[in-house]
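Every read-out reported here was derived from the displayed coordinates using simple, explicitly stated rules and does not represent laboratory data. The model shown is predicted, which means the values in this text are computed figures rather than measured ones. When we count neighbours, we look across all protein chains shown, and the Cβ atoms used for this are built from the backbone with ideal geometry, even at glycine.
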Amino acid sequence: MAAAAKPKKANPVNLRSNLAITLFFIVVFTIPALLLLHTPSNYISTNLCSNSDKPWSGDLRRAQFSWNKLSFHAGAPPPHTLRIAVFSRKWPTSSTPGGMERHAHTLHTALSRRGHDVHIFTSPPAVPLPSPAAASSSPVIHFHEGEPEKWRYNKAWEQYEEENRKNKFDVIHSESVALPFWLARGLENLAVSWHGIALESVQSSIYQDLTRKSGEIMSPAFNQSLQVMIPKVLDEIRFFSHYHHHVAISDSCGEMLRDVYQIPLKRVHVIVNGVDENDFKQNLKLGHDFRAKIGIPPNATLVLGVAGRLVKDKGHPLLYVAFSMLKKKNSGAYLIVAGAGPWMQRYKEMGNQVIVLGSMNPSELRGFYNAIDVFVNPTLRPQGLDLTLMEAMMSGKPVMASRFPSIKGTIVVDDEYGFMFSPNVDSLYEALEEAATEGAERLAERGRACREYASSMFTARKMAMAYERLFLCIKNETFCIYS
Ligand SMILES: *[C@@H]1O[C@H](CO)[C@@H](O)[C@H](O)[C@H]1NC(C)=O
Ligand SMILES: *[C@@H]1O[C@H](CO)[C@@H](O)[C@H](O)[C@H]1NC(C)=O
Ligand SMILES: *[C@@H]1O[C@H](CO)[C@@H](O)[C@H](O)[C@H]1NC(C)=O
């Protein structure tokens, strides 16, 4: 902001030093990023199995792998009931909530069910809720006053303080910057979950711009976002340290927080988000029926699926071209497109090997996942971690995804789980061809491995138990020791 106040001062010296600073940071950030590309799966396994038949034990705060890898006793009641304050900009009331709200809802509903006293501080709902059922097993929601879905942290903070005076909270949980750092500063019982950090967007911007064709001009908005990107990373590095505990939702984000953001090791914890294990299951009949319903012929040899918003930065320009190439050579290859957006019309014009379904509700999505052979996610912008990858794996399907550190380090940690490509047409096409050559039977075998891995790592229950343990550890150090 200070830079914007004096735009006239762009003399050559400043420009040169800006360039030097930029180059310096490219080097500083690229080295850890490159290291990340190679390390995660290896260090996790060596960390976990330093003594091959002895499970990991020690201080959880020193664990650099994701807590989802450990087993916590979900069957037993918690040793203490915690009083938990949650700051979330929104609380899901619509049928298609965003990823961050979904996370808050899934996690804190589960913690309430385990008997914890959870209070949510959030913005007023878009649609008035039916008067709460006041069930003792659901969180207490404090909507602050004001406009619907417009987050006013100071209003929420006032309500929190009043509630905290009545009965002190053990732990405070902020979903991203819902609670700004100047309020979070000094609160040692606070944990913040990061659903995507600025350093990750540096890499996704590189990927996005490389898909620009020669001669195609860069949009002014994108250009502008590049100009402020490094300052944004620097800003985050400076203010993140004011939050005491940090939850990274991918292994690579944890690594960046420790190594680039320089947050002390013991304050960074990796807990991967989970999806509801009851919502996503393997169901062959459901998949078979879904195929018949949408008109996939029985002699189809490969059925690919893609889901989500059909926009440019989700990689649709790549998939569109790569699949056009594939379908010319493979008359048995089909692509099912679940979702809506600007690219929908183009997919519709691709002929009968592409089936466009539009937006789908959760129960239709279950059919969709079961109907496909491979789930394709060509995203160029994976801030945080896309839940669709986990949903597909939980449904027993291998995945095909861009080779981002977050996806590579946490999701496709074994070649068996699918295919990774560089976000360009040739590389994606190569991966598509590989899947086509392998055929449905081999893909189903990979899918079984995916299902096994996903149900050991990405369940909502796993996530809730890991957070519970972190919150217990924040309240009383005894619980930081895992054995
Ligand atoms: C981005 O914007 C800057 C200044 O606004 C301009 O000098 C530069 O040429 C633009 N870059 C591209 C690739 O359009
Ligand atoms: C699938 O069957 C249809 C009609 O029975 C036929 O026209 C088509 O060529 C077949 N496709 C493949 C890939 O065998
Ligand atoms: C921490 O928990 C342990 C085990 O429940 C208990 O013995 C100890 O007194 C607690 N410490 C504090 C400071 O509450």
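Taking the convex hull of the alpha carbon positions in the stretch 178-279 and averaging its projected area over all directions gives 9.1 nm². Loop-located trypsin sites (Lys or Arg not before Pro) in the stretch 206-275 (DSSP state not H, G, I, E or B) with no more than 14 neighbouring Cβ atoms inside 10 Å: R212, K213. Taking all Cα pairs closer than 8 Å and separated by 6 or more residues, the relative contact order of the chain comes to 18 percent.
Taking θ as phi - 60° and the Karplus parameters 6.51, -1.76 and 1.60, the scalar couplings of the stretch 298-311 work out to x, 8, 4, 9, 8, 10, 9, x, 9, 9, x, 5, 8, 10 Hz in sequence order, x denoting glycine and proline. Inter-label distance, L226 to R403: 2.3 nm, where each label sits 7 Å from its Cα along the C-beta direction. The modelled label-to-label distance between T301 and W182, using points 7 Å beyond Cα along the C-beta direction, is 6.4 nm. Within the chain, DSSP assigns beta bridges of which about 5% are antiparallel (rounded to the nearest 5).
Taken over the stretch 327-472, the ratio of Cα radius of gyration to 2.2 N^0.38 Å equals 1.09.
From zero outward in steps of 10 Å, how is the percent of C-alpha pairs of the stretch 112-247 spread across the bins? Binned Cα distances yield the sequence 10, 29, 29, 19, 11, 3, 0. Taking all Cα pairs closer than 8 Å and separated by 6 or more residues, the relative contact order of the stretch 149-233 comes to 24 percent. Distance between the 7 Å Cα→Cβ label points at N424 and A74: 4.3 nm. Peptides 396-408, 428-440, ordered by how many other C-beta atoms sit within 10 Å of their residues on average, highest first, read 396-408, 428-440.
Quarter the surface of the alpha carbon convex hull of the stretch 404-473 and you get the mean projected area, 5.8 square nanometres. Placing +1 on the Cβ of every Lys and Arg and -1 on the Cβ of every Asp and Glu, with no other charges, gives the chain a dipole of roughly 700 debye about its Cα centre.
One decimal place: the segment S483-K168 gains 110.4 nm when fully extended, by the rule 0.36 nm per residue minus the C-alpha distance. Take every DSSP beta bridge whose two residues both sit in the stretch 284-457; close to 5 percent of them are antiparallel. If the segment from K328 to F239 were pulled out straight at 0.36 nm per residue, it would be longer than the present Cα-Cα gap by 26.8 nm. Each of C253, C473, C480 was scored by other Cβ atoms within 10 Å of its Cβ. Listed from fewest to most, they are C480, C473, C253.
Peptides 145-152, 460-467 ranked from most to least packed by the mean count of surrounding Cβ atoms within 10 Å: 460-467, 145-152. Each Lys and Arg Cβ is given +1 and each Asp and Glu Cβ -1; about its Cα centre, the stretch 284-457 then shows a dipole of about 520 debye. Think of each Lys and Arg Cβ as +1 and each Asp and Glu Cβ as -1; about the Cα centre, that makes the dipole of the stretch 312-352 roughly 100 debye. Can you give me the Cα centroid spacing of the stretch 251-271 and the stretch 173-218 in angstrom? Result: 14 Å between the Cα centres.
Could you work out, for the chain, what percent of all Cα-Cα pairs fall into each 20 Å distance bin, beginning at 0 Å and stopping at the bin that holds the largest distance? Here the calculated profile for the chain is 22, 54, 23, 1. Under 5 Å between amide hydrogens, built in the peptide plane, is the criterion, and for T379 it picks out S402 among residues at least 5 positions away or on other chains. Under 18 Å of direct C-alpha separation, and excluding same-chain neighbours fewer than eight residues apart, K155 reaches these aspartates and glutamates: E145, E147, E163, E175. Among the listed pairs K328/K397; K213/K462; K285/K329; K312/K408, a Cα-Cα separation exceeding 32 Å is found for K213/K462. The phi-based Karplus calculation (6.51 cos²θ - 1.76 cosθ + 1.60; θ = phi - 60°) puts the 3J(HN,Hα) values of the stretch 370-386 at 6, 7, 9, 9, 9, 9, 9, 10, x, 3, 9, 9, x, 4, x, 9, 6 Hz, whole numbers, x for Gly and Pro. Net charge of the neighbourhood of M350, taken over other residues with C-beta under 12 Å away and scored Lys/Arg +1, Asp/Glu -1, is +3.
In plain terms, the chain from R448 to D276 could stretch by 60.1 nm, reckoned as 0.36 nm per residue minus the Cα-Cα distance.
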